[in-house]
1. Exactly one of (1) at pLDDT below 90; (2) within 17 Å of the chain's Cα centre (by Cα); (3) of a type in the set (Gly, Ala, Ser); (4) closer than 19 Å to residue 89 by Cα is unmet by residue 211. Its number?
2. With (1) more than 15 Å from the chain's Cα centre (by Cα); (2) in a helix (DSSP H, G or I); (3) closer than 19 Å to residue 84 by Cα as the list, and residue 142 as the residue in question, which single condition is left unmet?
3. Identify all residues within region 1-52 that are of a type in the set (Gly, Ala, Ser), over 22 Å from residue 94 (Cα atoms) and surrounded by 15 or more Cβ atoms within 10 Å (Cβ to Cβ); write none if there are none.
4. For region 71-81, enumerate the residues that are part of a helix (DSSP H, G or I) and open to solvent by less than 50 Å² (accessible area, probe 1.4 Å).
5. Which pairs do you get when a residue that is farther than 20 Å from residue 96 by Cβ, found in region 9-29, comes within reach of a residue that is open to solvent by 80 Å² or more (accessible area, probe 1.4 Å) and in a loop (DSSP other than H, G, I, E, B), reach meaning Cβ atoms under 9 angstrom, with the pair 6+ apart or on two chains?
6. Given the criterion in a helix (DSSP H, G or I) and within 30 Å of residue 194 (Cβ to Cβ), identify the matching residue among 65, 111.
7. Can you tell me which residue in region 154-172 is farthest from residue 132 (Cα to Cα), limited to those that are part of a helix (DSSP H, G or I) and open to solvent by less than 30 Å² (accessible area, probe 1.4 Å)?
Amino acid sequence: MTTHRESLHDRILDVAMSLFLEHGIRAVRMDDIANHLSISKRTLYEVFSNKEQLLMEGIARSHEAKRKKARQLLEDSSNVMDAFIKLSRIELEDLKMLKPVFVSDLFKYPAVTDYFEQFHNEAISQAKLFLKQGVDEGYFRNDINYDLMIALLSEQRKYLLSSQLYREYSFEVTFFHVSILPIRGFCTDKGLEQLDSFISEELIKEINANG
C-alpha cells in the first residue's frame with residue numbers, strides 16, 4: 001500500500017521532471033515546483049533536500065524504467081532485429097520530449113555524469129551480447145571487429161554531447177545518424193531487408209515530421 005509520503009514523493013518527481021524537460025533544469029527553482037504542486041517549500045524540502053537530489057532520483061527512476069522495458073522487449077521479441085526496431089520506436093518517442101536546454105543543463109551536474117558513467121561498462125557488455133546474438137541469428141555480419149566499433153561509437157556519442165550538435169540538428173536526426181546508420185552497416189542482406197523496411201516506412205517519415 002502506497003503511503004501519503006510515497007505518493008507525494010512520486011508526484012514531486014513527476015512535476016519536477018516535466019518542468020525540467022520543458023524549461024531546462026537551471027531555470028526551474030524549487031519554488032516553481034512547490035507552486036505547481038500547491039505545497040509549501042518547507043514540505044518540498046522535507047522530501048528532497050535540494051534540486052540536485054530531486055533531479056538524480058528523477059533520472060534514476062526514468063533510467064530504470066527504460067532498462068526494464070528494454071529487457072522485457074528483448075525477451076518478447078522473435079529476433080534481435082525485431083527487438084532493435086521496437087527499442088528504436090520507444091527511443092524516438094522519448095526523444096520527442098527532449099529539448100536542447102535540458103540536455104545541456106543535465107551534464108552540468110557532476111552527479112548525473114557520475115551516474116551514467118557507472119552504467120557505461122554495463123551498456124557496453126549489453127551491446128556486445130546484442131551484436132553477438134545478431135551475428136548468431138544471421139542479421140549482422142561476422143567479419144566486423146565489434147569491440148572496435150563499440151569503442152568508436154561510444155566516443156562518437158561523447159563528442160555529440162560535448163559539441164552540443166543536438167542544438168543544430170534535431171534529436172531524431174542525430175539518433176538516425178548515430179544509432180541507426182551504424183547498425184545498418186553491420187547488417188547482412190537478411191538484416192538489411194528488415195531494417196530498411198523500418199527506415200523507409202517509419203523512421204524517415206518520423207524524422208521529416210519532427211524536423
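The values are calculated or read from the model by the stated rules, or taken from the named source; none is laboratory data. As the structure is a prediction and not an experimental result, all values here were calculated from the model. Counting neighbours? That spans all protein chains shown, and the Cβs are built from the backbone with ideal geometry, glycine included. Keep in mind that these areas ignore ligands, DNA and RNA; they rest on the heavy atoms of the full protein, side chains included. Shrake-Rupley method; radii C 1.70, N 1.55, O 1.52, S 1.80 Å.
1. Going through (1) at pLDDT below 90; (2) within 17 Å of the chain's Cα centre (by Cα); (3) of a type in the set (Gly, Ala, Ser); (4) closer than 19 Å to residue 89 by Cα one by one, residue 211 breaks only (2).
2. (2)
3. 34
4. To start, the set of residues in region 71-81 that are part of a helix (DSSP H, G or I) comprises 71-76, 80-81.
Hits for region 71-81 are 73, 80, 81.
5. Close Cβ pairs (under 9 Å, with a partner that is open to solvent by 80 Å² or more (accessible area, probe 1.4 Å) and in a loop (DSSP other than H, G, I, E, B)) amount to 10/2; 26/108.
6. Details: 111 fails: within 30 Å of residue 194 (Cβ to Cβ).
On inspection, the qualifying residue turns out to be 65.
7. Here is the first cut: in region 154-172, the ones part of a helix (DSSP H, G or I) are 154-163, 165-167, 171-172.
The next check asks that each one be open to solvent by less than 30 Å² (accessible area, probe 1.4 Å); those that pass are 154, 166, 171-172.
Values: 154: 18, 166: 30, 171: 28, 172: 27 Å.
Going through the qualifying residues, I end up with 166.
Let's see how each residue does on (1) touching a residue at least 40 places away in the same chain (Cβ under 8 Å); (2) farther than 20 Å from residue 113 by Cα:
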| position | (1), (2) |
| --- | --- |
| 149 | no, yes |
| 158 | no, no |
| 166 | yes, no |
| 173 | no, yes |
| 177 | no, yes |
| 182 | no, yes |
| 191 | yes, yes |
